[in-house]
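In what follows, a structure is listed as structure tokens, so that the remarks can point back to it.
The values are calculated or read from the model by the stated rules, or taken from the named source; none is laboratory data. Not measured: the values here are computed from a predicted model. All Cβ positions, glycine included, derive from the backbone under ideal geometry; neighbour counts span all protein chains shown. The area values use the complete protein model at the heavy-atom level, side chains included, leaving out ligands, DNA and RNA. Shrake-Rupley method; radii C 1.70, N 1.55, O 1.52, S 1.80 Å.
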Amino acid sequence: MAVEDECKLKFLELKSKRNYRFIIFRIDGQQVVVEKLGSPEENYDDFSNSLPANECRYAVFDFDFTTAENCQKSKIFFIAWSPDSSRVRMKMVYASSKDRFKRELDGIQVELQATDPSEMSFDIIKSRAL
């Protein structure tokens, strides 16, 4: 599975310049491509609503939060979205390519696997970040 250079470039922009709140990736043929870029003004609801209900995707979300000590922090989440309603072949392709794709994105801090929206609720994201 090839990874389009744009995937790595956009991820670096999210990580270092904070140009995006999230990036959604999809597998197109034999390569991973950028499907959607979320602007810094967008929030977690915008992100979760951008994921298709019955197709797999990879996503990266830049989560800003305040610690108990009142420090502003941010964590970059890698989310493997694989809804139960997606086709078996699609789930297999995404599952088998995930680790290779994730290695291309240097700077992922938390990984999350979700098969339905409740598994990646805002509360779960918040608890995994702390």
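Listed residues 42, 13, 55; which is closer than 22 Å to residue 128 by Cβ, open to solvent by less than 80 Å² (accessible area, probe 1.4 Å) and of a type in the set (D, E, K, R)? Working first, answer last.
Values: 13 fails: closer than 22 Å to residue 128 by Cβ; 55 fails: closer than 22 Å to residue 128 by Cβ.
Every option except 42 fails the conditions.
Output the residue which, of all residues in segment 16-39 that are over 13 Å from residue 105 (Cα atoms) and of a type in the set (Phe, Trp, Tyr), is surrounded by the fewest Cβ atoms within 10 Å (Cβ to Cβ).
20
Test each condition in (1) in contact with a helix residue (DSSP H, G or I) (Cβ under 6 Å, 6 or more places away or on another chain); (2) closer than 19 Å to residue 2 by Cβ for residue 61 and report the one that comes out false.
Checking residue 61 against (1) in contact with a helix residue (DSSP H, G or I) (Cβ under 6 Å, 6 or more places away or on another chain); (2) closer than 19 Å to residue 2 by Cβ, the one that fails is (2).
Would you check which residues across segment 60-119 are among the acidic types (Asp, Glu) and open to solvent by less than 80 Å² (accessible area, probe 1.4 Å) and list them? Give the derivation first.
Looking only at segment 60-119, we keep the residues that are among the acidic types (Asp, Glu), and these are 62, 64, 69, 84, 99, 104, 106, 111, 116, 119.
Within segment 60-119, 62, 64, 104, 111, 116, 119 meet the criteria.
Could you say whether any residue in segment 53-69 is of a type in the set (Val, Ile, Thr) and over 17 Å from residue 110 (Cα atoms)?
Looking for residues that are of a type in the set (Val, Ile, Thr) and over 17 Å from residue 110 (Cα atoms), one finds none in segment 53-69, hence no.
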